[in-house]
Amino acid sequence: MESSGPQESTSRIADPQRTDSPRSNDDWNVKDTFIIEEQIEVSEGSHKDVSIMETLKKSFFKYLKFVGPGLMVSVAYIDPGNYSTSVSAGASNQFSLLCIILMSNFIAIFLQCLCIKLGSVTGLDLSRACRAYLPRWMNLTLYFFAECAIIATDIAEVIGTAIALNILIKVPLPAGVVITVIDVFAIMFVYKPGTSSIRFIKMFEYGVALLVLGVCICFAVELAYIPKTTSVRRIFRGFVPSSQMFEHDGLYTAIGILGATVMPHSLFLGSGLVQPRLLEYDVSHGNYSISDSDLADKKSKEEVLETKYFSYKPSLAAIRYCMKYSFVELALTLFTLALFINCSILIVSGATLYGTEGAADADLYTIHDLLSKTLAPAAGTVFMVALLLSGQSAGVVCTIAGQIVCEGHINWKLVPWKRRLVTRAISMIPCLVVSICIGRPALSKALNASQVVLSILLPFLVAPLIYFTCKKSIMNAEVKDEDGSVTRKVNMANNWFTTIAAVLIWIFLSFLNVYAIVQLGISHGDIN
């Protein structure tokens, strides 16, 4: 059979001395070679296109496996405390404090990336790292600060949910608090670190994700209700710092926004949620296993699984496989969902409350009444539904963070279910007392104050995170041979750029808190 097309041209180039060639050597050397090279380039280009598409497709499906922890962490940034501070910010300073929300979001992403790095490399969450690497007195001090942060967070979430239930279905505030407490206790007994399967954990995360999605939908509807006269240019101008930020105790409100956005308990949460996927990778690749001998001297399978889970250190392969996808998933979630919801709360408040008679004392009841009267009854209802969903999801996440904090800092010897009962009682009892006793008039002040407390505690709990991720002796991954002996260690501590950025953020947070406390003292002194 005679060859044709590219095959004929190829044969000519292979044998340039053919006498049956209809053209001269110069002709085919120039033209045929060009044709062949063009065909090869087209073929290679098509192959590259296919390879790129396959790579993107493969990366996308890998990314989907890591969707979940970022959503769980994002809930910490859209809890009722955010509603309270953002409503106050919009009512008193209109859109000018949007820049604080944006800045807080960037700080939150950076700190959460450090949390992922700590959890991935060491296999420890922040609380267990404190117990392992810090002196006992310092660990207990940080535990006290962490518990204070959990209590302040619980107060905000329980109060917010109770207000939403009170407005939507007329449930009395004390009853709303009790309902919320029962709910978080139910979650506490279902979600068990180390003993729950990865499939169950993912289903749990997707359930929380549905609540977050519901909040997003509510605020998309809410933004459609704001007055048409609202200037879009003025809204976007709020993302740039201005002198309006400092009006009407704007700095105090800004500190509250910072505390509500970069919440201390989210640091423990972010460093603790990465382990299940790392463990799944190592177990599926034969790098980690639980043998029958591990079950011999233990009381229950649950205790064995917890023990193995808390003593697990990820392999280098698991770290390199999981960490980059965890970074991407977290950054995308916080920069889209959390930022959108926080900005929406402030925009809705600024567009409806700013300049009104009740702006100075605006709270969640005020914005519900005003939205219902000036826009539409549905607008007020949708806002409260969003608050209820946020309170429920944030209560779930805070419960998990409370378990991580108490079980990590203190090496409990109790049976797991008893231990969880004690740890949650530590934070829930003060929450119940405050929520029930202060009454409706002081609820808004309690919410805003709780967020300022969180901001003040933040530098104390960020400091060990920065210290651990910068220390080479802690941030190293072990490379083992077939018999399990360590052959070398890979340094994964922060580089100089990351270290400098982390220290500057810590200095900024500390300075802002000190300045706000001093200014608050001066302003109250002038009033007296």
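Can we say GLY214 is at pLDDT below 85 and crowded, with 16+ Cβ neighbours inside 10 Å?
In short, no.
Taking only segment 168-206 into account, find how many residues are at pLDDT 65 or above and open to solvent by 20 Å² or more (accessible area, probe 1.4 Å).
Residues that pass the stated criteria total 17.
Restricting to segment 228-272, name every residue that is open to solvent by less than 20 Å² (accessible area, probe 1.4 Å) and not in a helix (DSSP H, G or I).
GLY238, VAL262, MET263, listed by residue number.
Give just the number: which of (1) open to solvent by 60 Å² or more (accessible area, probe 1.4 Å); (2) assigned to a helix (DSSP H, G or I) does LEU279 not satisfy?
(1)
Look at SER444 and say whether it is more than 21 Å from GLY272 (Cα to Cα), part of a helix (DSSP H, G or I) and modelled with pLDDT under 70.
Criteria met by SER444.
Any idea how many residues of segment 233-247 are within 11 Å of PHE95 (Cα to Cα), hydrophobic (A, V, I, L, M, F, W, C) and at pLDDT below 85?
Total satisfying the criteria: 1.
What is the residue count in segment 135-157 for residues that are surrounded by 17 or more Cβ atoms within 10 Å (Cβ to Cβ) and not in a helix (DSSP H, G or I)?
Matching residues across segment 135-157 total 0.
State all residues of segment 339-382 that are at pLDDT below 85 and under 27 Å from PRO264 (Cβ atoms); if no residue qualifies, say none.
Correct list: ALA362, ASP363, LEU364, ILE367.
Can you pull out every residue in segment 494-513 that is modelled with pLDDT under 90 and either touching a Cys at 6+ places or on another chain (Cβ under 6 Å) or open to solvent by 90 Å² or more (accessible area, probe 1.4 Å) (or both)?
Hit for segment 494-513 is PHE511, nothing else.
The values are calculated or read from the model by the stated rules, or taken from the named source; none is laboratory data. Everything quoted here is computed from the prediction, not taken from an experiment. Neighbour counts run over all protein chains shown; Cβ positions are idealised from the backbone, glycine included. Protein only, heavy atoms only, side chains kept; ligands, DNA and RNA dropped before computing areas. Shrake-Rupley method; radii C 1.70, N 1.55, O 1.52, S 1.80 Å.
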